[in-house]
Amino acid sequence: MSEPGSPVIAKRSGSKAWQAYRSNPLSVAGLVIVAVIVFMAVFADYLTPFPEHVGPIGDFAAMNMGPSETYRLGTDTMGRDLFTRIIYGYQLSLIMAVVVLAIATPVGVIVGLVAGYKGGWTDYVLMRITDIFLAVPPLVLAMAIMGFLEPTLLNGMLAITAMWWPWYARLIYNVTRAEAQEGYVLAAETVGASTMHIIFREILPNCWPSILTKMTLDVGFVILMASSLSFLGLGVQPPTPDLGSMVAEGAKYMPDAWWLSVWPAIAILIIVLGFNLVGDGLREAFEAES
Amino acid sequence: MSTPILELDNLGKTFEADGHRVVALDGVSLTFNRGECHAIVGESGSGKTTIANLVLGLMPATSGSMRFNGVALPAERTKAHRRAIQLVQQNPLSALNPRRSVGASVRLPLDVHGIGVSRERGARVAGLLEEVGLEADYARRSPRGLSGGQRQRVAIARALACEPELIVLDEPTSALDVLVQARVLQLLQRLRQERGLTYLFITHDLAVVRAIATRVSVFQKGRLVETGPVESIFANPQSAYTRQLIGAIPVVTEEEAKIRNVIRAGTPTPLGTE
Amino acid sequence: MAEPVLTIRDLRLAFGSRRRQTEVLHGISLHVRASEKVALVGESGSGKSVTARLAMGLLQEAPTTHASGSIRFDGIDAIKGGREIARRRGNRVAMIFQDPTSALNPTFKIRGQFREVLRSGNPAISDADADRQAEAALAEVSIPDPKRALDSYAFQLSGGMNQRVMIAMALANRPALLMADEPGTALDVTVQAQTLKLMHELTEKRGTAVLLISHNLGVVREFADRVYVIYRGRIVEHGTTAQLFHEPRHPYTRALLAAIPKISGGGLPDLPERSPDFENPLIVHEGCGEPAGAIA
């Protein structure tokens with residue numbers, strides 16, 4: 001350790017993490033995949049060849065056609081362009097993932113922070129509730145909720161959100177318990193800072209790496225879960241283009257019209273892979289930073 | 001000269017775990033005078049850390065009481081008490097939040113206690129950093145880029161921001177290299193003199209005590225073994241345990257070795273050390 | 001003069017990719033003769049621990065570490081034959097670490113760990129013989145009830161007891177060299193003083209050479225015959241303990257000695273509050289560093 005005098009130029013901590021991220025080609029590949037998918041999903045109306053195929057109207061003359069010049073990935077049983085429907089499927093998947101995580105993350109993070117920092121009875125009650133949710137297998141829980149409610153897009157998101165927040169509560173609870181032992185928390189306490197300040201201004205910033213990493217990894221998993229639900233007929237209903245339903249529908253025509261379920265399945269694979277690569281890259285980058 | 005700032009009266013702390021009762025502090029009565037650097041010395045299990053925690057109000061005492069400036073210290077501290085009694089911790093690496101700037105850490109007490117006007121606080125932070133020997137632009141830095149000694153200076157600046165009367169220094173230099181330690185001790189000495197601070201200096205290092213403390217209390221297994229002005233403790237330690245502690249110090253000069261050997265031999269002598 | 005058991009010559013170590021490297025050791029040369037007690041003293045980040053690790057063959061070989069120079073022990077080059085050193089260290093080189101409690105395996109009783117140590121020196125030894133030797137070794141480090149200690153886990157013993165167990169284990173196979181990396185720093189001062197005394201007595205009695213790695217000049221003064229002062233990856237001064245403490249030549253050594261609070265009083269050392277001039281690496285060489293290869 002050197003004292004004042006040895007010039008240490010403190011770099012912004014972000015740049016080191018970014019350098020570490022950039023050095024892994026897989027992480028960069030993941031970022032490219034995610035960027036391309038998000039771009040196409042956002043501008044689906046302009047980038048897809050048959051935007052009108054998003055609804056129930058197709059071209060029955062061109063039903064069940066294999067990949068061709070006009071329909072690069074082929075058409076479905078109603079003569080709709082598969083490529084178009086996959087891009088809109090991405091759009092829907094991303095919207096679902098964003099909505100689910102936008103609700104589940106704050107709920108779980110706040111529960112974890114409060115339980116982890118306050119301890120005692122608060123900890124006991126909050127974490128037992130969390131444990132109850134965690135004890136039920138996620139898909140079963142979601143199916144139970146969906147069996148109860150009408151299978152609509154909104155209810156699907158609700159069901160997934162209900163099973164998602166406890167994982168954030170658990171994660172942040174553990175991070176908070178560890179951070180609460182750090183000297184800077186003791187320092188804030190002895191200085192007389194409020195509980196709100198300590199939880200949200202001192203501990204929360206140190207949870208960001210864990211939260212961001214998990215959220216990125218979760219985008220893929222939420223999409224997978226939503227697809228599973230709709231594959232089982234419990235999620236989004238036709239004619240809304242959904243990757244899971246497309247795989248389920250197409251499975252009936254296997255192997256003759258293979259393109260009906262193979263392309264949507266590959267599409268799911270790519271987006272889940274992309275987000276997983278980014279998530280892993282982020283985790284490594286944050287580790288390199290500290 | 002000797003106005004008491006903190007008085008411990010028969011202070012005790014017992015922990016219970018799995019049916020075992022551990023007496024961490026066994027009825028200690030002790031007075032800390034204003035403006036002194038009062039060292040609490042002992043090895044692990046001596047109760048020195050328990051004293052720090054009780055004085056800071058981080059845990060309730062099992063028995064006895066404390067008085068601060070003549071008034072009883074309540075278990076639930078008032079904001080004024082929190083402000084008046086500050087802490088500098090042992091581990092400078094963990095004492096600063098890695099995701100907040102140095103300036104934000106030093107500014108926190110100013111915001112909490114409403115010290116100064118909001119828009120002047122930046123200048124106040126700069127002043128505090130300069131007072132501990134750092135340049136004002138350290139405020140914008142992240143603690144990650146700082147050395148152990150620099151971080152400890154920031155932690156001292158944060159404690160000073162409260163304008164405290166008493167600072168509990170919990171092994172403040174034991175994680176630092178010897179050259180850095182010497183400069184941080186100098187800084188602490190200067191601040192005490194300039195600001196009229198009182199230190200409760202917790203340490204296991206008797207050589208550091210000799211250099212910076214004005215008064216020493218030696219603890220063993222939760223009990224006060226010996227207390228007195230630093231010169232007399234080193235010149236004529238009364239208890240066998242104090243002699244043992246001084247005898248164990250690895251020294252670097254022959255002069256020190258001589259003193260130590262006399263103390264080891266165990267015969268109280270009127271050995272002058274100044 | 002006795003033969004050196006350990007000779008380190010012009011040891012350099014760099015981390016980083018092939019293109020961008022940061023050198024942390026800039027040519028360390030030192031030696032330890034048979035039954036000699038040598039200390040390598042420096043502050044954190046000086047390179048003292050990494051030197052010890054290299055010498056023990058403990059530094060993980062990775063594409064990002066680049067070592068050059070030579071570390072010779074018993075005729076084996078530790079840089080090239082890291083694995084060979086590791087294989088032999090059970091009987092010829094032993095090591096004692098800073099925190100004895102974490103250096104012992106918490107999931108096995110002392111007995112099993114001791115047998116393993118003895119077996120690395122003598123693969124044919126029977127359990128009964130091993131236990132007998134272990135008991136004798138523990139008795140030698142003044143452990144009051146060796147049988148009971150053997151049937152304990154490390155966490156059931158105090159830090160001081162664990163340190164004694166570590167010393168007994170380290171010396172069990174009569175190594176030629178003992179490397180002690182900040183021994184007892186994690187312990188209370190009185191316990192530390194006792195274990196150092198014990199280590200000194202035992203190694204003296206058996207003629208074991210010791211390389212003591214420490215940041216504490218007081219410990220060094222009491223333990224070592226000869227001292228190397230390491231600063232920022234360079235040996236800046238070396239000499240006998242008496243010389244070094246009596247007449248330190250390099251400004252860094254002088255500053256270190258001055259900075260240590262003394263029990264003889266005199267208050268705080270009068271140091272400049274800001275960086276002293278020896279922190280400028282350019283002048284470090286002007287001092288009294290042992291030039292590479294200046295070993296007798």
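By the gyration tensor of its Cα atoms, with a ≥ b ≥ c the square roots of the eigenvalues, what is the shape of region B:4-265: rounded for a/c under 1.5, prolate for a/b over b/c, or oblate?
oblate
Quick one: net charge around B:Arg264, please, counting Lys, Arg +1 and Asp, Glu -1 for every other residue with C-beta under 14 Å from its C-beta.
Its environment carries a net charge of +2.
Any idea which of A:Val140, A:Tyr168, A:Thr195 is furthest toward the positive side of the dipole for chain A, if Lys and Arg beta-carbons carry +1 and Asp and Glu beta-carbons -1?
Result: A:Thr195.
Read phi for every residue in region C:92-106 and hand back ³J(HN,Hα) as whole Hz from Karplus 6.51 cos²θ - 1.76 cosθ + 1.60, θ = phi - 60°, with x for Gly and Pro.
Values per residue, Gly and Pro as x: 9, 10, 10, 9, 10, 9, 4, 10, x, 5, 8, 6, 8, 6, x Hz.
When a footprinting reagent is the concern and you count Cβ atoms within 10 Å, what order do B:His38, C:His26 take, fewest first?
C:His26, B:His38
Taking every Cα atom in the protein assembly as shown, find the radius of gyration and the maximum pairwise distance Dmax, and write them in Å.
33.3, 114
Can you run phi through the Karplus equation (6.51, -1.76, 1.60; θ = phi - 60°) for region A:224-232 and list ³J(HN,Hα) in whole Hz, with x for Gly and Pro?
Each residue of region A:224-232 in turn: 4, 5, 4, 5, 4, 4, 6, 4, 7 Hz.
Could you state the angle between the C-alpha long axis of helix B:121-131 and the longest principal axis of the C-alpha atoms of chain B, as a value from 0 to 90 degrees rounded to the nearest 10?
40
If amide H atoms are built 1.01 Å from N in the plane of the peptide, which residues on other chains or at least 5 residues away come under 5 Å of the amide H of C:Lys37?
C:Val210, C:Asp225, C:Arg226
Would you mind telling me which residue in A:Val185, A:Val99, A:Val222 has the biggest mean-square fluctuation in a Gaussian network model of chain A, where springs connect alpha carbons within a distance under 10 angstrom?
The residue with the greatest mean-square fluctuation here is A:Val185.
In debye, nearest 20, what is the charge dipole magnitude of the protein assembly as shown about its Cα centre with +1 on Lys and Arg Cβ and -1 on Asp and Glu Cβ, if you could check?
For the protein assembly as shown, the charge dipole is close to 920 debye.
How do B:99-109, A:133-143 rank on mean C-beta neighbours within 10 Å, highest first?
B:99-109, A:133-143
Once you put a point 7 Å from the Cα of B:Ala265 and another 7 Å from the Cα of B:Asn69, both along the Cβ direction, what distance in nm separates them?
About 5.0 nm, to one decimal.
To the nearest 20 debye, what is the magnitude of the charge dipole of region B:4-265 about its Cα centre, counting +1 on the Cβ of each Lys and Arg and -1 on the Cβ of each Asp and Glu?
Here the size comes out at about 660 debye.
Ratio to report: Rg/Rh of region B:1-96, with Cα atoms as the point set and Rh obtained by the Kirkwood method; give two decimals.
Value, to two decimals: 0.97.
For chain B, modelled as a Gaussian network with Cα springs under 10 Å, which listed residue fluctuates most, B:Asn236, B:Asn261, B:Asn69?
B:Asn261
Which cross-chain or sequence-distant (5 or more) residues have an amide H under 5 Å from the amide H of B:Gly27, H modelled 1.01 Å from N in plane?
Amide H neighbours of B:Gly27, under 5 Å, 5+ apart: B:Gly12, B:Lys13.
Where a ≥ b ≥ c are the square roots of the eigenvalues of the C-alpha gyration tensor, would you call region C:201-268 rounded, which needs a/c under 1.5, or, failing that, prolate if a/b is larger than b/c, or oblate?
Because a/c hits 1.5 or more and a/b fails to exceed b/c, region C:201-268 counts as oblate.
For B:Val216, which sequence-distant residues (separation of 5 or more, or a different chain) have an amide H within less than 5 Å of its own amide H, given hydrogens modelled in the peptide plane?
B:Ala39, B:Gly228, B:Val230
What FRET efficiency do you get for B:Glu16 and B:Ala80 if R0 is 35 Å and r is their Cβ-Cβ distance, rounded to the nearest 0.05?
After rounding, the FRET efficiency stands at 0.65.
Checking the table C:Lys147/C:Lys205; A:Lys16/A:Lys214; A:Lys118/A:Lys214 against a 28 Å threshold on Cα-Cα, which pairs fail?
Exceeds cut-off: none, every pair is within range.
Roughly how many debye, to the nearest 20, is the charge dipole of region A:7-289 about its Cα centre, given +1 on each Lys and Arg Cβ, -1 on each Asp and Glu Cβ, and no other charges?
With Lys and Arg at +1 and Asp and Glu at -1, about 600 debye.
Suppose we keep just the DSSP beta bridges with both residues in the protein assembly as shown; what percent of those would be antiparallel, to 5?
Counting only bridges with both partners in the protein assembly as shown, antiparallel ones make up about 60 percent.
How much FRET efficiency would the formula 1/(1 + (r/R0)^6) give for B:Ala136 and C:Ala242, where r is the Cβ-Cβ distance and R0 is 51 Å, rounded to 0.05?
0.60
Specify which residue in the list B:Ala175, B:Leu134, B:Leu206 is farthest towards the positive end of the charge dipole of region B:4-265, using unit charges on the beta carbon of Lys, Arg (+1) and Asp, Glu (-1), about the Cα centre.
The listed residue farthest towards the positive side: B:Leu134.
Residue by residue through A:188-198, how many Cβ atoms from other chains fall within 10 Å of the Cβ on average?
Average neighbour count from other chains, rounded to a whole number: 6.
List, in order, the whole-Hz ³J(HN,Hα) value for each residue of region B:56-61 obtained from phi through the Karplus relation with A = 6.51, B = -1.76, C = 1.60 and θ = phi - 60°; use x for Gly and Pro.
Result, rounded to whole Hz: 7, x, 7, 8, x, 6.
Which of C:His246, B:Ser147, A:Leu82 sits closest to the plus end of the dipole of the protein assembly as shown, meaning its Cα is farthest towards the positive end, when Lys and Arg get +1 and Asp and Glu get -1 on the C-beta?
Final value for the positive-end residue is C:His246.
If we count other beta carbons within 10 Å of each Cβ, what is the order of B:Arg264, B:Arg140, fewest first?
B:Arg140, B:Arg264
Please give, to one decimal in nm, the separation of the simple spin-label points placed at B:Arg190 and A:Asp45, each 7 Å out from Cα toward the Cβ.
6.7
Using only atoms on other chains, find how many Cβ atoms lie within 10 Å of each Cβ of peptide B:83-95 and report the average.
Across B:83-95, the average partner-chain Cβ count within 10 Å equals 3.
Looking only at other chains, what is the average number of their beta-carbon atoms within 10 angstrom of each beta-carbon in B:142-152?
Counting Cβ atoms of other protein chains within 10 Å of each residue's Cβ and averaging gives 5.
So, in nm, how far is label A:Asp256 from label A:Thr122 when the simple model puts each one 7 Å beyond its Cα toward the Cβ?
Going from the A:Asp256 label point to the A:Thr122 one covers 6.4 nm.
Taken together, the values in this text are just the output of simple stated rules run on the coordinates, not laboratory data. For clarity, every value in this text was computed on a predicted model and none was experimentally measured. Cβ atoms come from the backbone with ideal geometry, glycine included; neighbour counts cover every protein chain shown.
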